[in-house]
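The values are calculated or read from the model by the stated rules, or taken from the named source; none is laboratory data. Note that the coordinates shown come from a computational prediction; the quantities given were computed from them, not determined experimentally. With ideal geometry, Cβ positions are generated from the backbone for all residues, glycine too; neighbour counts draw on all protein chains shown.
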Amino acid sequence: AIFCLAARNPGRQFVAGKVPLGLKRKGLRVLVTGGAGFVGSHLVDRLVARGDSVIVVDNLFTGRKENVMHHFGNPNFEMIRHDVVEPILLEVDQIYHLACPASPVHYKYNPVKTIKTNVVGTLNMLGLAKRIGARFLLTSTSEVYGDPLQHPQVETYWGNVNPIGVRSCYDEGKRTAETLTMDYHRGANLEVRIARIFNTYGPRMCIDDGRVVSNFVAQALRKEPLTVYGDGKQTRSFQYVSDLVEGLMRLMEGDHIGPFNLGNPGEFTMLELAKVVQDTIDPNARIEFRENTQDDPHKRKPDITKAKEQLGWEPKIALRDGLPLMVTDFRKRIFGDQDSATT
Ligand code: NAD
Ligand code: UDP
Ligand code: UDP
């Protein structure tokens with residue numbers, strides 16, 4: 001069992017570099033909601049490796065047991081199949097709240113469920129954090145900027161979001177989750193952190209989740225045409241998952257609430273992304289244009305000055321270096337290599 005010296009508010013006691021003199025840093029008890037998903041499972045790996053005792057709460061809507069199975073049997077790891085829309089009682093020191101489908105295809109599948117997850121789910125996790133005095137980190141999104149009229153996006157920008165569109169269950173859900181987080185901070189003195197995550201890719205993404213990087217990589221490997229939506233001139237900025245996890249942990253352990261943009265400022269049009277995928281996997285991969293989806297943001301790129309200054313964080317892995325790492329994982333999973341251990 002993990003011995004915790006500061007039961008009431010240990011997050012404050014054990015932040016990196018702030019361990020009281022003479023005391024070795026003890027593992028924390030950390031809850032990761034959505035920990036069986038793409039980002040969550042990479043975060044869990046880092047926390048377990050650091051010596052923390054990790055509980056994953058996940059309803060496995062888009063997450064997979066395979067993402068965390070390598071921790072089964074470790075006494076410092078536990079997975080609870082649970083929906084965050086329902087209350088739960090746990091005792092932990094920190095909560096990383098990730099539970100929420102992230103791919104547009106998944107979050108539009110049942111929009112009412114998506115907004116319930118963002119609002120009721122976040123409310124429950126904040127209520128839990130309040131009861132046990134845990135520090136709470138919300139994984140919000142660059143989608144809170146909507147189809148931005150300011151470029152690149154700075155945290156002070158309030159965004160341009162359609163409240164009644166097909167993406168609203170996600171965008172407005174996350175905006176409400178941010179509101180709830182700040183209201184618990186102001187009203188209940190809860191220690192909170194807010195990350196606004198920009199498009200992230202890497203191993204363990206769902207192969208057919210509809211997001212552009214996973215689509216292009218899977219299509220190129222299967223010798224199918226790369227489906228570019230619209231004219232392909234819309235832009236996104238793509239961050240490798242290990243950079244994001246580093247940013248999330250620095251944010252949790254640091255002294256600043258945020259919100260912080262966590263993303264890679266390298267900006268690509270979808271046609272440029274298709275070119276990088278062609279160069280990486282198959283120069284002969286064809287491109288096929290498809291009709292774009294409704295309310296698709298035209299451009300997106302993070303201004304990360306604040307994270308650089310206050311968290312000492314910036315991404316290290318460029319798209320051309322990160323993509324091959326993901327391709328190795330996708331190749332194994334698509335072609336059924338028995339050694340398809342995820343990285
Ligand atoms: P993901 O879909 O792989 O992971 C989400 C996890 O949450 C899954 O394991 C899913 O089963 C679980 N989940 C969903 N609804 C739940 C519920 N009601 N109760 C319990 N578990 C539930 O997505 P991801 O890319 O790993 O995203 C993780 C978080 O980061 C999400 O909150 C997402 O909004 C945010 N985010 C991700 C990106 C990105 O590019 N990956 C960008 C911005 C924000
Ligand atoms: N909650 C939870 N686990 C806890 C404490 C609270 O799931 O350990 C839920 C609780 O069911 C409620 C929500 O969190 O729906 C908000 O709790 P809070 O105590 O802030 O509000 P209240 O219950 O007073 O409305
Ligand atoms: N997109 C595309 N082809 C695909 C999937 C997506 O051209 O097969 C485009 C989509 O229209 C959007 C961009 O890629 O402009 C990013 O989409 P994604 O779903 O990955 O993320 P989000 O829209 O949430 O940023």
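Residue-level check: of (1) within 16 Å of ligand 3 (Cβ to nearest atom); (2) in a helix (DSSP H, G or I); (3) surrounded by fewer than 23 Cβ atoms within 10 Å (Cβ to Cβ), GLU143 misses just (3).
Within the range 93-114, restricting attention to residues that are more than 16 Å from ligand 3 (Cβ to nearest atom) and buried (at least 23 other Cβ atoms within 10 Å of the Cβ), the residue that is farthest from VAL166 (Cα to Cα) is ASP93. Looking across GLY121, GLY127, one residue alone is in contact (Cβ under 8 Å) with a residue 60 or more places away in the chain, closer than 18 Å to PRO87 by Cβ, out of contact with any Ser or Thr (no Cβ under 7 Å at 6 or more places or on another chain) and assigned to a helix (DSSP H, G or I). It is GLY121. So for the range 144-157 (the condition being more than 24 Å from HIS298 (Cβ to Cβ), of a type in the set (Val, Ile, Thr) and modelled with pLDDT of 95 or more), does at least one residue qualify? No: zero hits. Identify the residue in the range 130-140 that is buried (at least 17 other Cβ atoms within 10 Å of the Cβ) and either of a type in the set (Lys, Arg) or outside any helix (DSSP H, G or I) (or both) and, among all such residues, is nearest to ligand 1 (Cβ to nearest atom). The selected residue is THR139. Screening VAL30, VAL105, VAL92 for residues that are among the β-branched types (Val, Ile, Thr) and assigned to a loop (DSSP other than H, G, I, E, B) leaves exactly one candidate, VAL92.
Do we find a residue being at negative phi and either among the aliphatic types (A, V, I, L, M) or surrounded by 18 or more Cβ atoms within 10 Å (Cβ to Cβ) (or both) anywhere in the range 288-296? There is no residue in the range 288-296 that is at negative phi and either among the aliphatic types (A, V, I, L, M) or surrounded by 18 or more Cβ atoms within 10 Å (Cβ to Cβ) (or both).
Being assigned to a loop (DSSP other than H, G, I, E, B) and basic (Lys, Arg) is the filter here; which residues of the range 263-297 pass it? Passing the criteria: only ARG286.
All of ASP303, ASP208 fail the test of being away from ligand 1 (no atom under 15 Å from the Cβ) and charged (D, E, K, R), apart from ASP303. Going residue by residue through the range 66-77, is there one that turns out to be of a type outside the set (Asp, Glu) and either touching a Cys at 6+ places or on another chain (Cβ under 7 Å) or assigned to a strand (DSSP E or B) (or both)? Checking the range 66-77: at least one residue is of a type outside the set (Asp, Glu) and either touching a Cys at 6+ places or on another chain (Cβ under 7 Å) or assigned to a strand (DSSP E or B) (or both). If you filter the range 103-161 down to residues that are basic (Lys, Arg) and closer than 18 Å to GLY37 by Cα, you find that the one that is farthest from ligand 2 (Cβ to nearest atom) is LYS108. In this structure, PHE260 qualifies as within 14 Å of ligand 1 (Cβ to nearest atom), at pLDDT 95 or above and closer than 23 Å to TYR107 by Cβ.
Taking the numbered list (1) away from ligand 1 (no atom under 14 Å from the Cβ); (2) under 29 Å from LEU31 (Cα atoms); (3) out of contact with any helix residue (DSSP H, G or I) (no Cβ under 6 Å at 6 or more places or on another chain) in turn, ARG250 passes all entries but (3). Among the residues of the range 53-68, those that are under 12 Å from GLU78 (Cβ atoms) and either buried (at least 24 other Cβ atoms within 10 Å of the Cβ) or of a type in the set (Asp, Glu) (or both) comprise VAL54, VAL56, VAL57, ASP58, VAL68.
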